[in-house]
Structures are given as structure tokens and as C-alpha cells.
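The values are calculated or read from the model by the stated rules, or taken from the named source; none is laboratory data. Everything numeric here is computed off the predicted structure, so don't read it as measured data. Here the Cβ is made from the backbone with ideal geometry for all residues, glycine too, and neighbour counts use every protein chain on show.
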Amino acid sequence: MASQGHFTTLFHHNDVMLHASTLENMVHMTSQGRLGCQLRYCTITGISGMNVTAASNVDKHIRLFTEASLNRKQRFPKARLASLCLRVIARIQDSDGGLHEPETFRAWRDIWATALHVFNVTILALNESHALMDEYLDIFGGITDCSLMYDAFLSLSEKFLSMDSFRPLKKLTLSLSSLYLIHDDRNVQQQAPVGTIIELWRDI
């Protein structure tokens, strides 16, 4: 029994790439009470540079993520996610169709679009499935060179803060940014993101 319990804990953590095939696998792993229902600590990662932010992908990703959350809730009605982290990584596709990490990636608007996609899909899926967060929500706070645009968060903040899924939260970390005009070393005016990290705690 002890070894079985240790094996089960291996499914407490999962890093989910926000891609249709990965989400379909998540749906499978949470169906019929499979071990994917043991998920407690989840990271949702969007891939910048892969053109996944189209409306059709948003709808499909929300549907699949919602289905996986409902599967888990059906198996464990009172289960809560202990933590949820949102992330973005940059990848480029080579001539053979393979993906690799670029040496430099300064497509800020693409990163912002991917971050917004990850945020929208995650928040809306949790809301539709009424899945509960228990302790910690990290919205791009644990990585560099990625954040959510101020305007995007503010447009959803009232709805976000009123969602039942996030009422039990003990800590919220989020990285927000906006574009500012700056001058480089050659005194050429350019746009660059300037941001800040916000941490909110709830007294227990």
C-alpha cells in the first residue's frame, strides 16, 4: 500500500503545454477516474511563435481544459488545485518541422498574445468547470521576459476576482506590463515593455 501511495504522488504535478494534443491527453488521463485526477500542482505553458492564439484554438483549448477539469471534479468532487502557474516559452520551427529554443526572441507582442491566450483559456476553463484553487496562483510571476498586459488584466479583473474558483486563494502573484517609449544607446526611440510583479496575500 505504501508503494502504491508513493506511485500516486507522481501524478500530483503536471506541466501542461497549451496545445490541442497535450490537452486531449490530459482529458484521457483524467477520464474514468484515471491517475490524472490526482493532479494537485499544475503549470500551464503557452508556446510563443506557434500561432496558437486564433479564436478557433481558444475555443478548442477552453473546451478540452474544461473537460479535463470536470473529469477530475467528477472523481473527486471536493478536490482543489494547491497551486497553478502560468508560463510562456518561445520556440521557432526549423525547416524539418522541429521546434527549438531561439537564442534571442524579442517579439514582445507575440509573447503578450500568447500570455493572454494562456490566461484566458485557463481562467475561463476553471470558471466553467467550477474548479477550485486552494493556495497559490502564479500568473507569469516566476519567469522573466513574459507578462500580461495591464489593459488585458484590467478588462477582466472584476470578473476574475469574483469567480468562485479563486475565492479560497491564499496567494496571488502576477506580472503585468505595458509598452513605453525608450531611447537606446544610439538615442533611437524604441518601444519596450516595462512591468512589475504584484503579490497579494490573504490573511488566514
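Structure values in brief
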{"item": "When residues of segment 56-81 are limited to those that are not in a helix (DSSP H, G or I) and not aromatic (F, W, Y), the one surrounded by the most Cβ atoms within 10 Å (Cβ to Cβ)", "result": "L81"}
{"item": "Segment 117-141, residues that are buried (at least 20 other Cβ atoms within 10 Å of the Cβ) and among the aromatic types (F, W, Y)", "result": "F119, F140"}
{"item": "Qualifying residues in segment 137-173 (those that are assigned to a strand (DSSP E or B) and in contact with a Phe, Trp or Tyr (Cβ under 9 Å, 6 or more places away or on another chain)) - the one farthest from W201 (Cα to Cα)", "result": "M149"}
{"item": "Members of segment 142-176 found to be buried (at least 20 other Cβ atoms within 10 Å of the Cβ) and small (G, A, S), listed by number", "result": "S147, S165, S175"}
{"item": "Test: C42 is under 25 Å from G142 (Cα atoms), buried (at least 17 other Cβ atoms within 10 Å of the Cβ), touching an Asp or Glu at 6+ places or on another chain (Cβ under 6 Å) and at pLDDT 85 or above", "result": "no"}
{"item": "Pairs with Cβ under 7 Å, 6+ apart, first in segment 77-98 and modelled with pLDDT under 70, second of a type in the set (A, V, I, L, M, F, W, C) and not in a loop (DSSP other than H, G, I, E, B)", "result": "Q93/L99"}
